[in-house]
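The next block holds one structure in the form of structure tokens; read it before the comments.
The values are calculated or read from the model by the stated rules, or taken from the named source; none is laboratory data. Note that the structure is predicted; figures quoted are calculated from it, not measured. Note that we place each Cβ from the backbone using ideal geometry, even for glycine, and neighbour counts take in every protein chain shown. These accessible areas exclude ligands, DNA and RNA; they are computed on the full protein's heavy atoms, side chains included. Shrake-Rupley method; radii C 1.70, N 1.55, O 1.52, S 1.80 Å.
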Amino acid sequence: MRGLPLLVDGHGREHRDLRVSLTDHCNLRCTYCMPAEGVPWLPKATLLTVDELVALVGIAVEAGITEVRLTGGEPLLRADIVEIVAGLAALEGPGGHPEVSMTTNGIGLARLAEPLAEAGLARVNVSLDTLDADTFKRLARRDRLSDTLAGIEAAGAAGLGPLKLNTVLMRDVNTAEAVDLLRFALERGAELRFIEQMPLDAGHTWTRDGMVTADETQAWLEQVFHLEPVPGRGAAPAERYRVRPRGEPDATPLGTVGIIASVTRPFCGACDRLRLTADGQLRNCLFATAESDLRTPLREGAGRAEVTRRIHASLASKLPGHGINDPGFLQPRRPMSAIGG
Ligand code: SF4
């Protein structure tokens with residue numbers, strides 16, 4: 001982007017997207033993320049306050065970040081979530097105000113969608129793995145499907161769009177629902193994205209054979225729909241397809257669907273993402289095994305220059321890809337619930 005300071009790594013990739021995990025706590029216990037008993041939470045004293053979040057993200061925006069995605073755990077569990085969104089949306093950098101979006105399980109969104117939209121939240125991605133209450137209980141170990149569905153409706157009503165829904169297919173659990181989930185999204189003008197399960201779960205139970213691949217998902221969808229690739233992906237994680245009824249390639253599209261195939265069709269070559277954890281650590285990749293501490297220099301008053309220097313140093317050490325398919329791949333110690341989507 002012309003005129004913006006550059007956040008470029010050693011492989012020439014320009015970074016514009018900062019994912020910010022606001023908490024590692026969650027009100028669900030999804031089987032592909034954490035064990036039923038949960039995980040040891042991050043020490044409270046290490047969690048960034050609103051002011052610290054706004055300060056650190058502000059430095060990143062000054063350095064060239066134009067998109068801020070709030071994640072968790074579950075970001076809506078932060079009692080100060082509206083204040084956080086207002087503070088971040090008001091930031092201004094060389095690229096203007098950053099676009100602030102959120103990935104959420106939707107629980108609590110029915111109550112918060114309007115105030116979050118007023119505070120400056122632009123859009124949401126809501127996780128939805130099933131339309132069946134029993135399957136939801138089995139997958140998330142909580143009986144909260146109706147809350148998630150109410151959250152999706154509220155997001156649409158509050159204009160938090162374009163609305164995106166994220167689905168992780170788990171073998172022999174919700175795979176039979178792939179077509180119904182896509183229909184549900186199309187009926188609401190939302191874009192559903194099927195995400196390959198990644199080796200980031202706290203229990204380290206992920207297996208390649210157990211994972212449902214993008215090829216499998218696409219084959220199931222193409223039994224019912226005609227999928228036409230949408231060109232111009234850029235740095236976006238999702239491959240996108242226009243959806244039409246099977247056998248009607250010239251029909252008016254019903255909408256679009258996305259496939260995020262981190263494992264079998266990696267997209268690291270155009271990655272533009274950095275991540276900030278709830279305890280103030282910068283991760284240059286979802287699968288990074290090393291982190292840069294931004295919290296300590298901030299709390300010690302080291303100032304903007306030192307934080308900016310650490311951001312660039314982290315970028316300089318970023319690897320070309322996640323390495324999941326490499327023989328020596330090591331799953332990061334920090335679980336997905338403490339990194340964020
Ligand atoms: S795995 Fe890492 S390098 Fe690859 S796209 Fe994700 S964040 Fe970027």
List the pairs whose first member sits in segment 315-331 and is within 11 Å of the ligand (Cβ to nearest atom), whose second member is aliphatic (A, V, I, L, M) and not in a helix (DSSP H, G or I), and whose Cβ atoms are under 7 Å apart, counting only residues at least 6 apart or on separate chains? HIS322/LEU286; ILE324/VAL263
Looking only at segment 231-240, decide whether some residue is among the basic types (Lys, Arg) and assigned to a loop (DSSP other than H, G, I, E, B). yes
Out of the residues in segment 118-149 that are of a type in the set (Asp, Glu) and open to solvent by 30 Å² or more (accessible area, probe 1.4 Å), state the one that is nearest to THR175 (Cα to Cα). ASP132
When residues of segment 300-327 are filtered for being in a loop (DSSP other than H, G, I, E, B) and either among the basic types (Lys, Arg) or open to solvent by 50 Å² or more (accessible area, probe 1.4 Å) (or both), how many remain? 10
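Here is a yes/no grid of residues against (1) hydroxyl-bearing (Ser, Thr, Tyr); (2) touching a Leu at 6+ places or on another chain (Cβ under 8 Å); (3) part of a strand (DSSP E or B):
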{"site": "MET34", "(1), (2), (3)": "no, no, no"}
{"site": "VAL39", "(1), (2), (3)": "no, no, no"}
{"site": "VAL57", "(1), (2), (3)": "no, yes, no"}
{"site": "ALA60", "(1), (2), (3)": "no, yes, no"}
{"site": "LEU76", "(1), (2), (3)": "no, yes, no"}
{"site": "LEU91", "(1), (2), (3)": "no, no, no"}
{"site": "MET102", "(1), (2), (3)": "no, yes, yes"}
{"site": "GLU114", "(1), (2), (3)": "no, no, no"}
{"site": "LEU139", "(1), (2), (3)": "no, no, no"}
State the number of residues belonging to segment 168-201 that are among the β-branched types (Val, Ile, Thr), surrounded by fewer than 22 Cβ atoms within 10 Å (Cβ to Cβ) and not in a helix (DSSP H, G or I). 1
Number of the condition not met by GLY280 [criteria: (1) modelled with pLDDT of 95 or more; (2) on the phi < 0 side of the Ramachandran plot]: (2)
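Yes/no matrix, rows are residues, columns are (1) more than 27 Å from LEU315 (Cα to Cα); (2) crowded, with 20+ Cβ neighbours inside 10 Å; (3) of a type in the set (Ser, Thr, Tyr):
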{"site": "GLY203", "(1), (2), (3)": "yes, no, no"}
{"site": "THR207", "(1), (2), (3)": "yes, no, yes"}
{"site": "ARG244", "(1), (2), (3)": "yes, no, no"}
{"site": "ILE260", "(1), (2), (3)": "no, yes, no"}
